[in-house]
1. Need one number: convex hull volume per residue for segment 2-117, Cα atoms only, in Å³.
2. Per the Cauchy relation, a quarter of the hull surface: what is the mean projected area of the convex hull of the alpha carbons in the chain, in nm²?
3. Suppose the chain between residue 211 and residue 54 were pulled fully straight at 0.36 nm per residue; how much longer would it get relative to their current alpha carbon spacing?
4. Using alpha carbons only, how many degrees (0 to 90, rounded to 10) separate the axis of helix 33-42 from the longest principal axis of the chain?
5. Would you mind checking the tilt of helix 76-88 against the longest principal axis of the Cα atoms of the chain, expressed as 0 to 90 degrees and rounded to 10?
6. Return the ratio Rg/(2.2 N^0.38 Å) for segment 30-80, where Rg is computed over Cα atoms only.
7. To the nearest 10 degrees, how steep is helix 119-128 against the longest Cα principal axis of the chain, on a 0 to 90 scale?
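Coordinate-derived values only; no laboratory data. Here the structure is a predicted model, which is why all the values come from computation and not from measurement.
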């Protein structure tokens, strides 16, 4: 299977690694030169430097032969344009888009995106399904325990408070998928600054679980 993934960050890295491990032909499109160079060293994948929402870059990435195009950038407009170009100009049979604003999810589907998903909706559904959320640490086991999804509550003394995500020393194999701040659910970016009282939804591999929690909440975890 030929898969094109547009975007960057840990989610793109883990997806590309998993797909490549299954023998898929993976091509990444990333507009950040430093990140694109790092991904090309770390992964068994073709990396194209450019804007995945432009026809020229999609063509360079081999969209005419791709079976799936996934656009996972922080910008909904770019994700929608990339998927529409992939379908209409290059005939890609399946497109998948990350929807950062949950209100756009229905619009994406109406405009022909095969699968549009909102991380906010997914996390909210997980939370709603918990009868006593406050007492839960490990929210859900994934892949027979090979992945942990955990809630971490930050207090005034937590080492991660007042730090941005990009400045945190999280171990490889761990990421913050969502921040629950009061009534707000935030899908964070690298510049998101953590606050006391935040409840973090953390995805990690078992071997990095303890290190990730210590980096966020301290040695008492």
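1. On the way: hull volume 9.8 nm³, N = 116.
It comes to 84 Å³ per residue, whole-number rounded.
2. Values: hull surface 49.5 nm².
Computed as one quarter of the Cα hull surface, the answer is 12.4 nm².
3. On the way: separation 157, 0.36 × 157 = 56.52 nm, distance 3.99 nm.
Contour length minus the Cα-Cα distance gives 52.5 nm.
4. Value to nearest ten degrees: 80.
5. Helix 76-88 sits roughly 30 degrees off the main axis of the chain.
6. Working: Rg = 11.1 Å, N = 51, 2.2 N^0.38 = 9.8 Å.
Cα Rg divided by the expected 2.2 N^0.38 Å: 1.14.
7. Between the helix axis and the principal axis of the chain, the angle is about 40 degrees.
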